[in-house]
Structures are given as C-alpha cells and as structure tokens.
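S.K.: Take a look at the following structure, please.
We did not get these values from a lab; they are worked out from the coordinates using the rules stated. Bear in mind the structure is a predicted one, so any value in this text is a computation, not a measurement. Heads up, the Cβs are rebuilt from the backbone with ideal geometry, glycines too, and the neighbour counts pull from every protein chain shown.
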Amino acid sequence: MSPTHSLPQPLRHILFDLDGTLVDSVRITCAIIDSMLAARGLAHRADPALARAMDAVGGAAMIATVMGPHCRDVDAELAEFRARHALAPTPPDLAFPGVASALGRLAAAGIGLGICSNKPQPLCDRILADLGLAGAFACIIGSRPGRPRKPDPDAAWQALAIMRADPATSLYVGDSSVDVATARAAGLPIALVGWGYGLAAARAAAPQAPVLHDLAVLADHAAG
C-alpha cells in the first residue's frame, strides 16, 4: 500500500518541521557544543545520538542533557550556544538527500509550503536562506519570545492562517512525538520522515501515520 494513501486529496498545503525533518541540524549542534567545551579545555565531546534524541525538545533541556555535568548555568550555556550558532557557517549539504529537489517540485506545482519549528526564528531564516530553500516557503514560523513552543498548536495555526490554508487539505510533516502532538492539537494529519531523529517515538505515538522515505512522493501525490 502506498505510504500516501491516507493523505489529504487534494493536497494544497504542507507544514514541515525543520530539524531532523528537512535538515541534519545535529551536525551543527554537536560542533558548537564541542567548541564550547574545547574552549574550557575539556576533552568531553557531544554525543550525536543523545543530541538527536533531545532535538525535538531543544532549548535549555537539550543543552543541559548534551553537555551533561559540564553544563554550569543552563541559561548562560544556551545563550552562548545561540550566539555561536548565529555565527556558525551552514554546511551546504545540511539538507537531507532529496529535500531540495522535492521542495522545488512541490512549490512549482503550486503547493503552499510552510515551516513550523521550535528553532529560534533568526536561525530558521538564516539556515533556509543559506541553503537556498527559503524561497520555497510561503511562511517560516520559528520560536521567539512570547510565542508558545510546539506541541502548542499556535505556531501551526499561525502558519495556516498566513497561507490561508484549509486544514482539510493540509498536511504536517515531521519526525518526532512533539510533531505528532503538534499536528493533533492543530487538527492536521501527519506524515513522518523515515530518516527522522525521533522516528521510533513518533511511530509509537502515531502508529497509523505514513512514513515517507522520499519527499518526492508528496509531489507525486499532489499531482494526483
């Protein structure tokens, strides 16, 4: 059975999570934490598996967990992490394989695309711009002061409103149990990506959700 058989038809709009869904951001996360630790003369290095497990949570909780006993003041560590992140170059191959071409096909087909992420808004904007992907999206909604974080549906609802999207013909694509909860709270069907950081937990939370191993199938589905 096709992984898209249960998706909306027609499909007019898609909201994407960013980290772990479209981009392999843990590469940057670990590099920044490693640089923070090295600056203190510490040999400890970030565990990529642990960073992937905490990615959907993000923020202070992720920093505290990945830095472990070397985390001193979590608010200060998070501030330093974000300051370093703002200056860190975006690897040109940060998007997962096939993402750029699939987004291009979807946008060319007239499918409205949006981002719904817990990553700070400026970082969402910069990474997508650096990768040449920003133009594919009608809206990019990241975290900012005063905006509830996922799984609160507020960001998803904002994106739908900006795109003038009907939830009945819209889809949420993510990789984590946080994304599953966000989609449910927003009243949207969800599809999961097979390479996602939090796929196992997401599948446990939504066992009937289709798992996509190539985003190109969304373009095929939208074409009817």
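S.K.: Between helix 121-130 and the chain, what is the angle of the helix's C-alpha long axis to the longest principal axis, kept within 0 to 90° and rounded to the nearest 10?
M.R.: Once rounded, the angle reads 70 degrees.
S.K.: Given a Förster distance of 25 angstrom, what is the FRET efficiency for residue 184 paired with residue 61, based on the Cβ-Cβ distance and rounded to 0.05?
M.R.: Details: r = 22 Å, r/R0 = 0.86.
So the FRET efficiency works out to roughly 0.70.
S.K.: If you don't mind, another one. Based on the Cβ-Cβ distance from residue 42 to residue 75, what FRET efficiency comes out when R0 is 30 Å, to the nearest 0.05?
M.R.: On the way: r = 20 Å, r/R0 = 0.66.
With a Förster radius of 30 Å, E is 0.95.
S.K.: Continuing with the same structure: For the chain, what class follows from the C-alpha gyration tensor (a ≥ b ≥ c being the square roots of its eigenvalues): rounded when a/c is under 1.5, otherwise prolate if a/b is larger than b/c, else oblate? Please report the intermediate quantities before stating the final value.
M.R.: On the way: a/c = 1.87, a/b = 1.79, b/c = 1.04.
In terms of gyration-tensor shape, prolate.
S.K.: Dimensions of segment 26-87 along principal axes (Cα, Å, largest first)?
M.R.: 28, 22, 21
S.K.: Residue 143's amide H: which non-local residues (gap 5+, or another chain) put their own amide H closer than 5 Å, with H modeled 1.01 Å from N in plane and none for Pro or chain starts?
M.R.: The list, which skips near neighbours in sequence, is 119, 121.
S.K.: Another question, if that's okay. What residues from segment 114-141 fall in the zone where the backbone N is under 17 Å from a label point 7 Å along the Cα-to-C-beta line of residue 100?
M.R.: 126-137
S.K.: Karplus couplings for segment 186-197 from phi (6.51 cos²θ - 1.76 cosθ + 1.60, θ = phi - 60°), rounded to Hz, Gly and Pro as x?
M.R.: Those phi angles translate into 8, x, 10, x, 10, 10, 10, 9, x, 9, x, 4 Hz.
S.K.: Based on the Cβ-Cβ distance of residue 83 and residue 130, what FRET efficiency does E = 1/(1 + (r/R0)^6) give at R0 = 22 Å, to the nearest 0.05? Each step should come with its number before you reach the end.
M.R.: Values: r = 17 Å, r/R0 = 0.79.
FRET efficiency, residue 83 to residue 130: 0.80.
S.K.: Still on this model: Restricting to DSSP H runs of at least four residues, report the calculated mean residue ellipticity at 222 nm for the chain, -39500 (n - 2.57) per run over all residues, nearest 500 deg cm²/dmol.
M.R.: On the way: 10 runs with 98 residues, N = 224.
Computed mean residue ellipticity for the chain: -12500 deg cm²/dmol.
S.K.: Further, regarding this structure: Under 5 Å between amide H atoms, partner at least 5 residues away or on a different chain: which partners does residue 16 have, H built in plane at 1.01 Å?
M.R.: 114, 115, 116, 173
S.K.: Tell me, what ³J(HN,Hα) does each residue in segment 49-56 have, in order and in whole Hz, if you take phi through Karplus 6.51 cos²θ - 1.76 cosθ + 1.60 with θ = phi - 60° and put x for Gly and Pro?
M.R.: Ordered by residue, 3J(HN,Hα) equals 5, 5, 5, 5, 5, 9, 4, 5 Hz.
S.K.: Mind listing the long-range amide H neighbours of residue 23? Cut-off is under 5 Å, sequence gap 5 or more, other chains count too, H placed in the peptide plane at 1.01 Å from N.
M.R.: 96
S.K.: Step through the residues of segment 13-27 one at a time and calculate ³J(HN,Hα) from phi using the Karplus curve (6.51 cos²θ - 1.76 cosθ + 1.60, θ = phi - 60°), rounding each to whole Hz and writing x for Gly and Pro.
M.R.: 9, 9, 9, 10, 5, 9, 5, x, 10, 9, 10, 8, 5, 4, 4
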